[in-house]
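Structure record follows, encoded as structure tokens.
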Amino acid sequence: MRDDLSGVPDFPTARVDEALGQSEAFVAFQERLSRVAKVDRPVLIIGERGTGKELAARRLHYLSKRWEQPLVALNCAALAPTLIESELFGYEAGAFTGAAQRRAGRFETADGGTLFLDEMASIPLEVQEKILRVVEYGAFERVGSAQSVQVDVRIVGATNADLATLSADGRFKRDLLDRLSFEVLFLPPLREREGDIPLLASHFAARMAFELGRAEVPQFSADALAALEGHGWPGNVRELKNVVERAVYRSDSALIGEIEFDPFRSPFRASALPVTQAPEPDAPQAPSPEDLADKPFAEAVRDLEMRLLRSALEPAKYNQRKAAEILGLSYHQLRRLYRKYRDSI
């Protein structure tokens, strides 16, 4: 049932061509997504910022049986908690000050299709209870109404939060989590997508050159490419896109030789006047021999390697090439060490 859909925005336009990759991790994720897309059940997409959760939700919808029906989105973190309920479920005229006429919410707009709830960890508990009823019975009431509205909606949720921990802490309803987690897809961060950085960088560079009206397709020098591959990419694909596009527009040549990762780095000398700053946190120190003496050998080695790895990665801002230099290792030695302990650091 869909009435009065004015004022409810469409799903934001996303560049599907940015969902590129050939790495084992990326291909495995896409295969799992394609398989579950055809099963008409709720899906949760978990991923760090900038990994492409919105693109994944869009692809999941268009591979599903609902592809001809609406795809509607709500960024739950972009709204005040008091507004999320009326955005999701709509409201009747006179339900609150300013409600001059009935308005349909996102559930009604998505009837027959897919509702994408981004940053769903931000949903208040009382609204979670109402969503749970929709999942279980396909029905809800608009704000200010006692009349039940029936809908047929597939929910796709996305977050970078640990919903299981939030549930254990009482901040996310366990019943709702159980019903939404028919399948949980984990988007691989860019640092785990081996071989995808050059592919994506070339794609973003070519598109930026076209936008600037340049005839030549940009190429990266060996040093520039090494810098891109050695960076930790905390902002993932979104950060890579910004870095590459900035490098292309700043370069007067088709050969990109310089990469600037931090656009906030000032080109001017720091003022001679004293500036009050919060003290820098101490870098982790390697444990002393006394700390390791009572531990089994294997555990002591593991502890030492992890502490040394942290002590190099943090001052290098997770640039793995710089961290390797700090530790006196080759880049590939550092990569092996990082992969060994990536779940623990």
Checklist outcome for this item: When restricted to ALA57, ALA110, the only residue of a type outside the set (Asp, Glu), at pLDDT 95 or above, buried (at least 21 other Cβ atoms within 10 Å of the Cβ) and touching a Phe, Trp or Tyr at 6+ places or on another chain (Cβ under 6 Å) is ALA57
Checklist entry - Looking at segment 131-157, which of its residues are of a type outside the set (Val, Ile, Thr) and buried (at least 20 other Cβ atoms within 10 Å of the Cβ)? => result PHE140, ARG142, ARG154, GLY157
Next on the checklist: Take PHE11 and tell me if it is modelled with pLDDT of 95 or more and either at positive phi or aromatic (Phe, Trp, Tyr) (or both).
Outcome noted: no
Checklist entry - Only one residue in ARG106, ARG41, ARG66 is of a type in the set (D, E, K, R), in contact with a Ser or Thr (Cβ under 9 Å, 6 or more places away or on another chain), under 25 Å from ARG133 (Cβ atoms) and assigned by TED's automatic domain parsing to the domain that holds ASP162, so which one is that? => result ARG66
Checklist entry - From the residues in segment 158-182 that are of a type in the set (S, T, N, Q) and part of a helix (DSSP H, G or I), which one is surrounded by the most Cβ atoms within 10 Å (Cβ to Cβ)? => result SER167
Next on the checklist: It is to be established whether one or more residues within segment 75-83 are part of a strand (DSSP E or B), assigned by TED's automatic domain parsing to the domain that holds GLU141 and out of contact with any His (no Cβ under 9 Å at 6 or more places or on another chain).
Outcome noted: yes
Checklist outcome for this item: When restricted to PRO267, PRO279, the only residue surrounded by fewer than 16 Cβ atoms within 10 Å (Cβ to Cβ), at pLDDT 75 or above and assigned to a loop (DSSP other than H, G, I, E, B) is PRO267
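Yes or no, residue by residue, for (1) within 29 Å of VAL143 (Cβ to Cβ); (2) of a type in the set (D, E, K, R); (3) at pLDDT 95 or above; (4) in a loop (DSSP other than H, G, I, E, B):
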site	(1), (2), (3), (4)
PHE29	no, no, yes, no
LEU33	no, no, yes, no
GLN69	yes, no, yes, yes
ALA73	yes, no, yes, no
SER86	yes, no, no, no
GLY98	yes, no, no, yes
Checklist entry - Name the pairs whose Cβ atoms lie under 9 Å apart, with the first residue in segment 324-337 and under 17 Å from ARG191 (Cβ atoms), the second hydroxyl-bearing (Ser, Thr, Tyr) and assigned to a loop (DSSP other than H, G, I, E, B), and 6 or more positions between them or separate chains? => result ALA324/SER330
Checklist outcome for this item: Here the residues within segment 63-107 that are within 23 Å of the chain's Cα centre (by Cα), loosely packed, with under 14 Cβ neighbours inside 10 Å and of a type outside the set (Gly, Ala, Ser) are PRO81
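The values are calculated or read from the model by the stated rules, or taken from the named source; none is laboratory data. Worth saying up front: this structure is predicted, and the values here are computed from it rather than measured. Backbone-built Cβ (ideal geometry, glycine too); neighbour counts: all protein chains shown.
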